[in-house]
Every structure is written in structure tokens, then in C-alpha cells.
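Asker: Would you mind keeping the following structure in view while I ask a few things?
The values are calculated or read from the model by the stated rules, or taken from the named source; none is laboratory data. Remember, predicted model here, so these are calculated numbers, not experimental data. Methodologically, a virtual Cβ is constructed for each residue, glycine included, from the backbone with ideal geometry; neighbour enumeration extends over all protein chains shown.
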């Protein structure tokens, strides 16, 4: 056995059982099923800053979609106490105060439950790469690796929908077009939730995702693979 296989085997053995279950769900993943046959977990996090190397998660929010319907009662939400201080600049954005997180659990304490909530679902988020960078940082540290869930970015889907709406007139560099989550919700007449609240943003993203999927289905996109090929919106985040 070569060195690469030895190291791969070694690190796989160190994965936490909850992460092993997470990876098991996607070992033989089929992209060709209709979209309504998949479960989605719409995820958002509030942070101390935007740098995954030094900043931390202070709140996690997620809600499940099944049969292309939001299941409001199946949600995950918690405050998280960071190891470092809570910068005033971040409080001005998400309005989470030091007092609110003083007795909150650490990320290590809530991480296993969050991964269990995500197991079996494709993760959806608005600018999802940022949220996944933070959550994978801590799953690698405490559980032995990153999440295996495929991810879909509603920001990219919104760009794709704009392209379809505008046809040849679409200009991705038109700075008058906003892809801010709240602005998109207002533009499309979706229910509006409190901004910069992890669970509120998860619900907001869920409504946006379903709106965009239904619009794109009218254009012939009916399977997960077609959604990927059309929007390049999916990434395996290993």
C-alpha cells in the first residue's frame, strides 16, 4: 500500500461516527432524480467576522425542505459562544450581544447535533461557500473531516434566473442589480424575515430557493444534475 493510501486510511479511521454517517449518505449519490425527491437543508450562520482563519461562528440556523416544501417545525437554531471576544462591528450587523452568548454552548457542544440535522440533505445557502468554510473548519477540528453534503448556492441560481429573464441583455457586471438576500426577497414578493438572524436568513433563503427552482423548472430543469449543469451552482466541499 502506498503512502497516500496509508494516510487516507489513517485519517478515515479518525473520523467521528456522526461524520462517518454523514459521508455514508453520499457514497453512491444519484444526481439524476427529480428535484422533489431530494431533501434540502437550508443553512445560515452568524459570525464574528468574514475571515474563516481567525473568526468564529456565533449562531447557527437551518430549516429542512422535503418534496420541495419547507417543513417549518424541522429546524435547527442556537447561539454559540466563541472562544474569543465578540467584536462590536459584528454585533452591529447581527445584533447578537455578549450577554446573549455568555451562557451559550461552544461550537464543539452543538456540532454533532447540527451534523445529524444535515445528514441526508443537500445544503442550500446564499453565498454558501462562506458558511461552509466556517462549518468545515470546525468539523475538521472536532470530527475529523469536512461535511460530505453537496451544496447549492442561491446567489448563483439567482444569477442564472436573471440570465434567463434578460436573455442576451443580461450583464453580470451591472452594479444596479442586487443579489442581496433581502433585496431579492423584496423583488420577487417573497415573505420577508429578519435580516442577519441565522434562522430568519435560513427561512428567507429557503423561500428564495423554492421560488428559483420553480421558475427554472419551467425552463426545463427538473433534475439535480440539470440544475448543476445549468447553473454550476453545486460544489463538493472536501
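Asker: Within the set of pairs 6+ apart or on separate chains, which have a first residue in segment 18-38 that is over 24 Å from residue 111 (Cβ atoms), a second that is surrounded by fewer than 12 Cβ atoms within 10 Å (Cβ to Cβ), and C-beta atoms under 9 Å apart?
Answerer: Within 9 Å, the pairs are 36/67; 36/69; 37/67.
Asker: Let me ask something else about it. From 163, 187, 195, grab the single residue that is in contact with a helix residue (DSSP H, G or I) (Cβ under 8 Å, 6 or more places away or on another chain) and free of Cβ contacts under 8 Å to residues at least 60 places away in the same chain.
Answerer: Result of the check over 163, 187, 195: 195.
Asker: I would also like to ask the following. Could you check how many residues of segment 180-211 are more than 16 Å from the chain's Cα centre (by Cα) and either surrounded by 16 or more Cβ atoms within 10 Å (Cβ to Cβ) or over 26 Å from residue 90 (Cβ atoms) (or both)?
Answerer: 10
Asker: Further question: Do we find that residue 82 is surrounded by 14 or more Cβ atoms within 10 Å (Cβ to Cβ), at pLDDT 90 or above, in a loop (DSSP other than H, G, I, E, B) and over 16 Å from the mean Cα position of the chain (by Cα) in this structure?
Answerer: yes
Asker: So, one more: Could you run through segment 54-68 and say how many residues are touching a residue at least 40 places away in the same chain (Cβ under 8 Å) and either more than 26 Å from residue 103 (Cβ to Cβ) or in a loop (DSSP other than H, G, I, E, B) (or both)?
Answerer: Total meeting the criteria: 5.
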